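The values are calculated or read from the model by the stated rules, or taken from the named source; none is laboratory data. Because the structure is a prediction, the values reported are computed rather than measured. Note: ideal-geometry Cβ built from the backbone for every residue, glycine included; neighbour counts use all protein chains shown. These accessible areas exclude ligands, DNA and RNA; they are computed on the full protein's heavy atoms, side chains included. Shrake-Rupley method; radii C 1.70, N 1.55, O 1.52, S 1.80 Å.
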Amino acid sequence: MITRSPRLLQRTDAVSAASIHRTESWQTQLSRAVRDPRELLARLDLDAAWLPGADAGHDLFAVRVPEAYLRRIRLGDPADPLLRQVLPVTAETRTPPGFVTDPLAEAEHTPRRGLIHKYVGRVLLITSPACAINCRYCFRRHFPYAENSPSREQWQESLDYLRADTTIREAILSGGDPLASSDARLAWLVEELAAIPHLQRLRLHTRLPVVIPDRVDDALLDWLAATRLQTVMVLHINHPAEIDDAVIAACARLKDAGVTLLNQSVLLRGVNDDVEVLAELSEALFAAGILPYYLHVLDPVAGAAHFDVPDGEARALHRALRDRLAGFLLPRLVREIPGEASKTPL
Ligand code: SF4
C-alpha cells in the first residue's frame, strides 16, 4: 500500500490552479488525441494541399497528437516548429542510403522480451508500446513493439535478469512512453525493482508530462515519491514553445516529489537548428527546473532523413551555443553509435 508523502503536500499556488482548471483526465486526453491527418490539417487551418503527403506519411507511421500539444501550434503556419514534429509529409516516403529501420541495432541487445541491455550498469525496459504523441523523427518508429510487450508473467523473466546481475545499478523505463501505462502497473513494477538490493536508480524516459501535462497527477506522484530508488526523469523537449504554464506546473509537482529532471533534445532541421532557439530552450528548461542534458544528432531512421542536420553544422551550432550560455545550461552534443559503450560526443 502506497501512502502519500509529506513532500506532496507542499504544492505551489500555480500548481493548485493548474489542477483546478483540469477538465479531462489524462487517460481521456490520450484516447481523444487527433489520429487522422485530415482532422489535423482542419484543426490547424492548413491547406488541403498538404493532405496527400500527410496521408502517405501516416500510412508509414500513424498520426497522433494530443489536444494539449495541438493548442501550442500556431494556426495556418506549416513551418511551425511544433507542427513539423507531428505532421507527416511526403519526404517520409524517401529513404536515402544509410537510413534504416533499426538505426541503433537494438534487436542485437534484447536478451529478454522487452529488455535492452546495451550499457554497463544500466538496463532499459520497454514498459509501454504506446506514446501520447507520434514524433515523425522517432528512432523507434519501426520498433517491433508487438514482439516486445511483456505480460506481467513475462516481466518476471526481466526481473530475474536484473536480480541475477549485481552490476546493474539503474533500471530505465522507456517505450513507447512508459507513462502511457497505468499507475497501478507502474507502481507494481517499481515496487518489484525497488526490492532488488543492488538497484539504486530508476530512470524514466518520457514525453508525456510535456505533451499531456495532466499526466502528472496524484496517482503518479504517489508511487514516484514512495519508492526508495533515486528517481530521474529524462524529458524530451525540442523547442521552447513546448514549455507552457501547464508544463511548468507539472515539472514543479515532479520536483516536489523528489524527482530529478533532465532534458534531451534532438537537433532537427526546421525545428531547432538555430542558436537563438537552442539558447532560449536551455534558458526555458532551467527556469522550469529541468537541466539540459543531451542534444542528440538525428539517429538515421528510415522516414526521417529530412530532419537531418550534418555534423559540421551541428558542431558549429553547439560552439555558438557554448559562447552564449553558462556551462550548466549547455547540453552535450552526442550521437548514439551501435556497439559503442556510451553515447559519443561530437
Ligand atoms: S518514443 Fe518518444 S520520440 Fe518516439 S514517438 Fe514516442 S514520444 Fe516521440
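Points worth noting:
- Within the chain: Cβ-based charge dipole about Cα centre, in debye rounded to nearest 20 (Lys, Arg +1; Asp, Glu -1): 680
- Charge tally in the Cβ shell below 13 Å around V247, where Lys, Arg are +1 and Asp, Glu are -1, V247 excluded: +2
- Mean-position separation - Cα centroids, the range 213-232 and the range 57-111, in angstrom: 29
- Alpha carbon Rg of the range 215-326, scaled by the compact-globule rule 2.2 N^0.38 Å: 1.19
- Other residues whose C-beta falls under 9 angstrom from the C-beta of A132 contribute a net charge of +2, scoring Lys and Arg +1 and Asp and Glu -1.
- q = 0.14 Å⁻¹: log10 I(q)/I(0) that the Debye formula gives for the chain, counting C-alpha atoms only: -1.26
- Nearest-0.05 FRET efficiency for R228 and D160, computed from C-beta distance (R0 22 Å): 0.60
- 3J(HN,Hα) couplings calculated from phi for the range 152-163 with the Karplus curve 6.51 cos²θ - 1.76 cosθ + 1.60 (θ = phi - 60°) are, in sequence order, 4, 5, 5, 4, 4, 5, 5, 5, 4, 4, 5, 5 Hz; Gly and Pro show x.
- For the range 150-307, carbon and sulfur atoms together expose 51% of the accessible surface, with a 1.4 angstrom probe and every protein chain in place.
- Rg/Rh ratio calculated on Cα atoms of the range 41-196 (Kirkwood radius): 1.05
- Along each principal axis, Cα extent of the range 119-222, largest first, Å: 37, 33, 25
- 5 Å-binned pair-distance histogram of the range 118-168 (Cα, whole percent): 4, 15, 23, 20, 18, 13, 5, 1
- In a reduced charge model with +1 at each Lys and Arg Cβ and -1 at each Asp and Glu Cβ, the range 136-217 shows a dipole moment near 420 debye about its Cα centre.
- Peptides ranked, highest mean first, by Cβ atoms within 10 Å: ranges 159-167, 306-314, 216-224: 216-224, 306-314, 159-167
- Listed residue (L87, L124, F143) projecting farthest to the positive dipole end of the range 35-151, Cβ model: L124
- Solvent exposure of the range 25-180, expressed per residue, is 44 Å² of accessible area, with all protein chains present and a 1.4 angstrom probe.
- Proximal charge balance of V63 [Cβ under 9 Å; K/R count +1, D/E count -1]: 0
- Largest first, the extents of the alpha carbon coordinates of the range 245-289 on the three principal axes equal 35, 17, 14 Å.
- Each part reduced to its alpha carbon centroid, the range 133-184 and the range 244-320 end up 23 Å apart.
- Put a plus charge on the Cβ of each Lys and Arg, a minus charge on the Cβ of each Asp and Glu, and nothing anywhere else: the dipole of the range 229-332 about its Cα centre is then about 380 debye.
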